[in-house]
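Accompanying notes for the structure given below.
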Amino acid sequence: MITRLRRGLDPGFIVVVLICLLAVWPLVSRASLPEGTDAELHFFRLHELSYLVRGGEFYPRWAPNFYHGYGYPIFNYYAPLTYYLALPLEILPNVDAVLASKAVLVAGMLLGGLGIYGYTRDLWGRGAGYVAAALYVYSPYLQYIDPHVRGALPEAFSFGIFPLALWALDRLRRRPSAGSWAAAGVLVAMTILSHNLMGLFFFALLGVWLVWQSGLVWWANHNRIAANPGSARGDWAIIGRLAGAMAVGLGLAAFFWLPVFLERNAVSLNTLIGAGDNYDFRTHFLSLGELVGVSMRPDWGATQSPFLFNLGVAQWLGGRLGGVMLMSGRARQRGQLAFFAIGSGVVVFLMTPASQPVWEAIPMLPYFQFPWRLLGAAAALLAVLGGAGVAALDERLG
């Protein structure tokens, strides 16, 4: 059995871990986490959760010690995954909420690299997987802005879970088994539970990917029947399995999102939407020049080092290469790659002022508050596109 496991283990995962280690080195080489960010809010929540669990309340919905002892229903409305992943570490001797939260943050960055590698490798080869992993974990938003500038720990962890969920669903599409079906359902649920907003966005993105797979099946069947009118329609069972896994994930996460939906009128959500202030999405669009700009060099001596919300030069160049290879017909798995080309274009568009009518037309979008929050999703799409593009270029030159 050990020999079989060794044969089945891809040494490329070790390479990806080494790639990711440089990205997480600022976190693992220094104590604590940056001050002046949202990170301290998550420390308080983890500590409160630990206090309640130790008292026998294993899934609390109320934080009695918040707001000067008046209490606050944070656990009823905020995605719980990162807190429960950090909880077993926090209750260990000599481990506090800061160290436990940092461990989950680092784990999320490693999982993101492994997930994007696994998905890209399966479709375009190991070399493409390496490139995609590097483009993803070194994108400015994932490597620097979210963990260091914003301290948005749950959102940062969602960027680690989404690629794993996509990879699991794709493995279920190509190699159905009980294990891949269970993994897909659990990871879809974890995506929803990772972060209120990005979890919702990534679940919707997975849903669009499922619709895209349905379109590819329909197109393949249409061409097959046109060439051979007597052939039978097939492959729809694959779509059924994928839809089933998505439904299972949604059901597994219902203990969180269903009370939030049913009790949404018990709290005021209007404070999440501003009008001309910091929470107004209209004040946070990015120009195309900002998106393709070069990252600013951090000033480590400043209390708040200036930074730029951008895609990353290597990331958008890699995505452009993938798009060129796709349109020229030189890329493999063009039907799959087209999803990432179109998806990255749509996500980038949603971060620009030209998309304001879309934000105003869709009631849920204003709750995202910051259009630049979609930089993490754009990084995932561009990473796959860039990895496939480099693989196509390598095949052409080779």
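The values are calculated or read from the model by the stated rules, or taken from the named source; none is laboratory data. Quick caveat: nothing in here was measured; it's all calculated off a predicted structure. With ideal geometry, Cβ positions are generated from the backbone for all residues, glycine too; neighbour counts draw on all protein chains shown. Note: areas computed on protein heavy atoms with side chains; ligands, DNA, RNA excluded. Shrake-Rupley method; radii C 1.70, N 1.55, O 1.52, S 1.80 Å.
Among Ala107, Ala100, which is part of a helix (DSSP H, G or I), out of contact with any Pro (no Cβ under 7 Å at 6 or more places or on another chain), crowded, with 22+ Cβ neighbours inside 10 Å and not polar (S, T, N, Q)? First the steps, then the outcome.
Values: Ala107 fails: crowded, with 22+ Cβ neighbours inside 10 Å.
Exactly one residue qualifies, and that residue is Ala100.
Of the numbered conditions (1) in contact (Cβ under 8 Å) with a residue 12 or more places away in the chain; (2) out of contact with any Gly (no Cβ under 8 Å at 6 or more places or on another chain); (3) polar (S, T, N, Q), Thr303 satisfies every one except a single condition; which is it?
(2)
Is one or more of the residues making up region 268-275 in contact with a Leu (Cβ under 9 Å, 6 or more places away or on another chain) and assigned to a helix (DSSP H, G or I)?
Taking every residue of region 268-275 in turn, none turns out to be in contact with a Leu (Cβ under 9 Å, 6 or more places away or on another chain) and assigned to a helix (DSSP H, G or I).
Taking the options Val346, Val324, name whichever one is open to solvent by 50 Å² or more (accessible area, probe 1.4 Å), without any contact (Cβ under 8 Å) to a residue 40 or more places away in the chain and outside any loop (DSSP other than H, G, I, E, B). Full working, then the answer.
Working: Val324 fails: without any contact (Cβ under 8 Å) to a residue 40 or more places away in the chain.
Sole residue among the options that is open to solvent by 50 Å² or more (accessible area, probe 1.4 Å), without any contact (Cβ under 8 Å) to a residue 40 or more places away in the chain and outside any loop (DSSP other than H, G, I, E, B): Val346.
Within the set of pairs 6+ apart or on separate chains, which have a first residue in region 13-32 that is surrounded by 15 or more Cβ atoms within 10 Å (Cβ to Cβ), a second that is in a loop (DSSP other than H, G, I, E, B) and hydroxyl-bearing (Ser, Thr, Tyr), and C-beta atoms under 8 Å apart?
Going by the 8 Å Cβ cut-off, the qualifying pairs are Ala23/Tyr138.
Can you tell which of Phe256, Phe307 is over 29 Å from Leu206 (Cα atoms) and touching a helix residue (DSSP H, G or I) at 6+ places or on another chain (Cβ under 8 Å)?
Values: Phe256 fails: over 29 Å from Leu206 (Cα atoms).
Phe307 is the lone residue from the list that is over 29 Å from Leu206 (Cα atoms) and touching a helix residue (DSSP H, G or I) at 6+ places or on another chain (Cβ under 8 Å).
I'd like the full set of residues that are open to solvent by 10 Å² or more (accessible area, probe 1.4 Å) and part of a helix (DSSP H, G or I), limited to region 124-146. Write out each step before concluding.
Of region 124-146, the ones open to solvent by 10 Å² or more (accessible area, probe 1.4 Å) are 125-127, 130-131, 134-135, 138, 140, 142-144.
Scanning region 124-146 gives Arg126, Gly127, Tyr130, Val131, Ala134, Leu135, Pro140, Leu142, Gln143, Tyr144.
Going through Gln304, Gln369, Gln333 one at a time, which residue ends up being open to solvent by less than 80 Å² (accessible area, probe 1.4 Å) and of a type in the set (S, T, N, Q)? Full working, then the answer.
Details: Gln304 fails: open to solvent by less than 80 Å² (accessible area, probe 1.4 Å); Gln333 fails: open to solvent by less than 80 Å² (accessible area, probe 1.4 Å).
None of the others qualify; the one that does is Gln369.
For region 372-398, which residues satisfy the criterion of being small (Gly, Ala, Ser) and either assigned to a helix (DSSP H, G or I) or surrounded by 17 or more Cβ atoms within 10 Å (Cβ to Cβ) (or both)?
Answer for region 372-398, where residues must be small (Gly, Ala, Ser) and either assigned to a helix (DSSP H, G or I) or surrounded by 17 or more Cβ atoms within 10 Å (Cβ to Cβ) (or both): Gly376, Ala377, Ala378, Ala379, Ala380, Ala383, Gly386, Gly387, Ala388, Gly389, Ala391, Ala392.
Let me confirm something: among Glu263, Glu290, which residue is surrounded by 10 or more Cβ atoms within 10 Å (Cβ to Cβ), within 18 Å of Leu197 (Cα to Cα) and in contact (Cβ under 8 Å) with a residue 12 or more places away in the chain? I'd like the intermediate steps shown before the answer.
Values: Glu290 fails: within 18 Å of Leu197 (Cα to Cα).
After ruling out the rest, the residue left standing is Glu263.
Which numbered condition in (1) surrounded by 20 or more Cβ atoms within 10 Å (Cβ to Cβ); (2) closer than 16 Å to Asp280 by Cβ; (3) touching a Ser or Thr at 6+ places or on another chain (Cβ under 9 Å) is the only one that Met351 fails?
(3)
Output the number of the condition that Phe43 fails; it satisfies all remaining conditions of (1) over 17 Å from Asn196 (Cα atoms); (2) of a type in the set (Phe, Trp, Tyr); (3) surrounded by fewer than 18 Cβ atoms within 10 Å (Cβ to Cβ).
It is condition (3) that Phe43 fails.
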